[in-house]
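> Below: one structure in structure tokens.
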Amino acid sequence: MSAKIISGKEIAAQIREELRKEVAGMKEKYGVVPGLVTILVGKNPASVSYVTGKQKTAHELGFNSIQDDQPEDISEEDLLSIVDKYNKDPKIHGVLVQLPLPGHINEKKILNAITPDKDVDCFHPVNVGRMMIGGDEVKFLPCTPAGIQELIVRSGYETSGAEVVVVGRSNIVGKPIANIMLQKGKGANATVTVVHTGTKNLEEHCKRADILIVAAGVPGLVKPEWIKPGACVIDVGVNRVGEKKSEKTGRMIPILKGDVDFDAAKEIAGAITPVPGGVGPMTITMLMKNTVKAMKDTLKS
Ligand code: NAD
């Protein structure tokens, strides 16, 4: 039987609708809206497209959203003072610096300069530490891993007691999703294995997974025979494998493939995310959720 397709597009749309209502309600009650600034250095086309998407979504949800474009040759010192300006701005609740930054700027220094209370990407070591401790200590969850957790929970998969296998150990996907899944609590409480380039028998580990989360950046790495029948497969990989002409616009667009051989895997898995349209739409949505939380936290204090 063919797997249920977990539509990130549909789940992201549901969450955005929930957020839109929440934002409207808080505007009426407290007269404040969430403020998000996205700082873009230079004109890298992929980065321009990412920040445009973030700004568009923030506008749609009724945020105060600011796009701050800076030249490629901005000094590190000037960029730090821009971050500082937004750190102190009470109308801004989320500060995001789009990566990658030009080589003359120390990325770590910039990310660490964002005040943890406005670090809606959850890259600051203080927030990463809070996530690791879990429970009440958590301020934000990083956007892609938080989106993965929502996809699993909202498509009805039980994580408690499940064997979760994560392929990849990056700081933005593999390590945080493994950490989130092993916490005690709803949408977690799993037995987690992390496999990576140093793992001896990838296939044997993957075969045990009730929930298989793949974030390797290698197209088609996970073969259908590595999947336990009925498993929930979350394919985080986004790999450009070529180009094609768009039927809508006639322009050349990238052909994207995940890390899992989707067509064959869907005949074995119980549920699977497509690429594109799976994890991708969730990432921006969780950024919006974090910004709403950052604003709500200021109302409490
Ligand atoms: P990364 O390159 O930083 O990390 C990849 C990890 O996979 C590494 O830890 C590595 O050890 C492991 N790995 C690579 N090849 C392997 C192999 N052959 N066997 C076992 N392990 C292997 O990548 P990342 O930033 O974690 O991203 C992973 C993928 O997810 C990429 O395709 C990226 O584009 C995609 N991604 C998507 C989103 C989204 O919003 N949809 C967000 C972030 C990343």
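> For segment 262-288, give me each residue that is within 11 Å of the ligand (Cβ to nearest atom) and assigned to a loop (DSSP other than H, G, I, E, B).
Result: 273, 275, 276, 277, 278, 279.
> Residues of segment 163-191 being of a type in the set (A, V, I, L, M), more than 6 Å from the ligand (Cβ to nearest atom) and closer than 19 Å to residue 272 by Cα, which ones?
Applying the first criterion (of a type in the set (A, V, I, L, M)) to segment 163-191 yields 164-167, 172-173, 177-178, 180-182, 188, 190.
Filter once more, so that each one left must be more than 6 Å from the ligand (Cβ to nearest atom): 164-166, 177-178, 180-182, 188, 190.
Those that are of a type in the set (A, V, I, L, M), more than 6 Å from the ligand (Cβ to nearest atom) and closer than 19 Å to residue 272 by Cα: 164, 165, 166, 177, 178, 181, 188, 190.
> I'd like the residue in segment 138-158 that is in contact (Cβ under 8 Å) with a residue 24 or more places away in the chain and open to solvent by 40 Å² or more (accessible area, probe 1.4 Å) and, out of all such residues, is nearest to the ligand (Cβ to nearest atom).
By that ranking, first place goes to 141.
> Going by the structure shown, is residue 245 open to solvent by 20 Å² or more (accessible area, probe 1.4 Å) and under 18 Å from residue 6 (Cα atoms)?
On the way: open to solvent by 20 Å² or more (accessible area, probe 1.4 Å): yes; under 18 Å from residue 6 (Cα atoms): no.
No: the conditions fail for residue 245.
> Which one is surrounded by the most Cβ atoms within 10 Å (Cβ to Cβ), of the residues in segment 19-43 that are touching a helix residue (DSSP H, G or I) at 6+ places or on another chain (Cβ under 9 Å) and without any contact (Cβ under 8 Å) to a residue 60 or more places away in the chain?
That would be 37.
> Also, I was wondering about something else. For segment 213-250: of the residues being away from the ligand (no atom under 13 Å from the Cβ) and part of a strand (DSSP E or B), which is farthest from the chain's Cα centre (by Cα)?
245
> Give segment 159-176 a look and list any residue that's over 19 Å from residue 222 (Cβ atoms), open to solvent by less than 10 Å² (accessible area, probe 1.4 Å) and among the β-branched types (Val, Ile, Thr), or say none.
Once the filter is applied, which keeps residues that are over 19 Å from residue 222 (Cβ atoms), open to solvent by less than 10 Å² (accessible area, probe 1.4 Å) and among the β-branched types (Val, Ile, Thr), segment 159-176 yields only 159.
> Please determine whether any residue of segment 180-191 is in contact with a Pro (Cβ under 7 Å, 6 or more places away or on another chain) and open to solvent by less than 60 Å² (accessible area, probe 1.4 Å).
yes
The values are calculated or read from the model by the stated rules, or taken from the named source; none is laboratory data. If you're wondering where the values come from, they're calculated on a predicted model, not measured in any experiment. For neighbour counting, all protein chains shown are included, and Cβ atoms are generated from backbone atoms with ideal geometry for every residue, glycine included. Just so you know, the surface numbers come from the protein's heavy atoms only, side chains and all, with ligands and any DNA or RNA stripped out. Shrake-Rupley method; radii C 1.70, N 1.55, O 1.52, S 1.80 Å.
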